[in-house]
Amino acid sequence: MPEVPIKIVIDKLLKTCRDTARPMALLPGPTKEAALRAMADRLMQDGDQILAANTEDVEAVGKTLEGESTRERVKEAVARVRMTGDDVKEMADRLRLIADLPDPVGLVTGRWEQPDGLQVSRVRVPLGVIGVISELKPLVTVESLALCLKSGNVCVFRAAPEWAKTHHVIEAGLRAAAAEAGVPEGAWVLLERKEKEAALELMRAGKSLDAIIPRGGAGLRKVTFEQAKMPILCYDGGVSHAYVDADADIPMAQNIVINSKIQQASAPNSIDTLLVHQGIARPFLPALIRRLLDEYKVEVLGCPKTVALMGQMSMTGHKAVKAAADDDWNRQFQAPVLAVRMVGSFDEALEHIRRHGPCLTAVIATGRYDAAMRFTHEVDATAVMVNASSRLNAGDSYGFGAHIGLSASRLYAKGPIGPEQLTNEKYVVFGTGQLRYPHPVPETYEDAIMLKRF
């Protein structure tokens, strides 16, 4: 029997989602909290089933790469898909963390009284129906569903096909637990069709989706920008920079750089470009680059000054720094690759960051308060970190549990998008009969009407 065309499938799903948006928006906070805790418990109960399904996914990935000549690539692909009991526990812990957060829906962000007696307030409300297209692991799936539930939104999630069986088992358990806790049926939809057209049709469903979020690499973000017919809420795009000032504490700066690049090199907020003041370059860079090359297997791309400084390394048996191309300064690598440039001044570092944007995360390592404050004031980024790792530009580091992506948009919230950023604001106004003048009914006529009532 032929499969139903994907466009028809998605149109039908999204119509149901729009019908579910209203009951989801009205769902009480205690119900959402109880549901998230029940979902966490169900994940732990289903741990063995989840891992068994994941084993099938791992075997399927292995079979698709049977003809691959590079064994390292096969190992990396299998390792990427494989899950452990710790991964299941991390998903459950993340659900409980989101459950503990305050409910953003109904939050009054401002209230005031006008001279005519109008009581005006701003109140947070859900966005509606949010599409998420992911190339990432099941933790991202669970986080996305939970954050949309917490913020009263319906989530339409297209998961990475590598984890097809794993996602199926996880989602079935979460759905059952949420339903028992009182969450409306259809609070989320997991789109299980594997073809790429499923993602494309979701991007084009502008009349049914209120926003879309791509979670993955540069290719997915590019296609989303080209195809999406609705607002793109966040997309993790942009270059992350770290600048080491002339008087930075060298051990601290080295730790910050290594953590910002190595802790998770594939993360959007791992640094892509390292700028080093030439006044500290000689005592700072050689030891750092040796560690990056030899200990952490990072490919280092350097400016001419950096290559010259490190040139003798190739003569002593060390791996050499490669010359950076012009375009490398504009790249978000999301890989163990780092571009390094020496700058002659603080102003030159600021100009480099400005020219090679947009900037996702900016880090400065410095011992000067005036430099730190100027950096925070002048650098346009989703987050500016002073003497702290770029990897801390994340929802859990800021106290709102998790995030569904990082936004570099100038038109909406910057940085990690958590439960509060998945809501919007509406005005609620209380009056006692106030009118906008001139009123179309003359006062004398209005008085005559009132007299007839007595």
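The values are calculated or read from the model by the stated rules, or taken from the named source; none is laboratory data. These numbers come from a predicted model, not from an experiment. Cβ atoms come from the backbone with ideal geometry, glycine included; neighbour counts cover every protein chain shown.
I'd like the residue in the stretch 327-383 that is in a helix (DSSP H, G or I) and among the aliphatic types (A, V, I, L, M) and, out of all such residues, is surrounded by the fewest Cβ atoms within 10 Å (Cβ to Cβ). Explain how you work it out, then say what you get.
In the first step, residues of the stretch 327-383 are kept if they are in a helix (DSSP H, G or I); the result is 327-330, 346-355, 369-378.
Pick out the ones that are also among the aliphatic types (A, V, I, L, M) and you get 349-350, 353, 371-373.
Numbers: A349: 25, L350: 18, I353: 21, A371: 19, A372: 17, M373: 11.
Looking at residues that are in a helix (DSSP H, G or I) and among the aliphatic types (A, V, I, L, M), I get M373.
Only residues that are buried (at least 22 other Cβ atoms within 10 Å of the Cβ) and among the hydrophobic types (A, V, I, L, M, F, W, C) were counted in the stretch 385-399, giving 1. Across the stretch 118-149, what is the number of residues that are closer than 21 Å to A25 by Cβ and assigned to a strand (DSSP E or B)? Of the residues in that region, 10 qualify. For the stretch 395-433, residues that are of a type in the set (A, V, I, L, M) and farther than 22 Å from G131 by Cβ total 2. Cβ-Cβ contacts under 8 Å between residues 6 or more apart (or on different chains), taken from a first residue in the stretch 68-93 that is in a loop (DSSP other than H, G, I, E, B) to a second residue that is among the hydroxyl-bearing types (S, T, Y) and at pLDDT 80 or above, are listed as M83/T166.
Screening P102 against (1) surrounded by fewer than 20 Cβ atoms within 10 Å (Cβ to Cβ); (2) in contact with a Gly (Cβ under 7 Å, 6 or more places away or on another chain); (3) outside any helix (DSSP H, G or I) leaves a single unmet condition, (2). Criterion applied to A35, A21, A53, A92 was being more than 25 Å from the chain's Cα centre (by Cα) and buried (at least 16 other Cβ atoms within 10 Å of the Cβ), and the one residue passing it is A53. Confirm whether L97 is in a helix (DSSP H, G or I) and either under 25 Å from the mean Cα position of the chain (by Cα) or closer than 18 Å to C148 by Cβ (or both). The answer is yes for L97. If the condition is being in contact (Cβ under 8 Å) with a residue 24 or more places away in the chain and of a type in the set (F, W, Y), then the stretch 178-233 contributes only W188. Identify all residues within the stretch 246-265 that are in a loop (DSSP other than H, G, I, E, B) and either in contact with a Gly (Cβ under 8 Å, 6 or more places away or on another chain) or surrounded by fewer than 14 Cβ atoms within 10 Å (Cβ to Cβ) (or both); write none if there are none. Listed by number, the residues that qualify are A246, D247, A248, D249, Q264.
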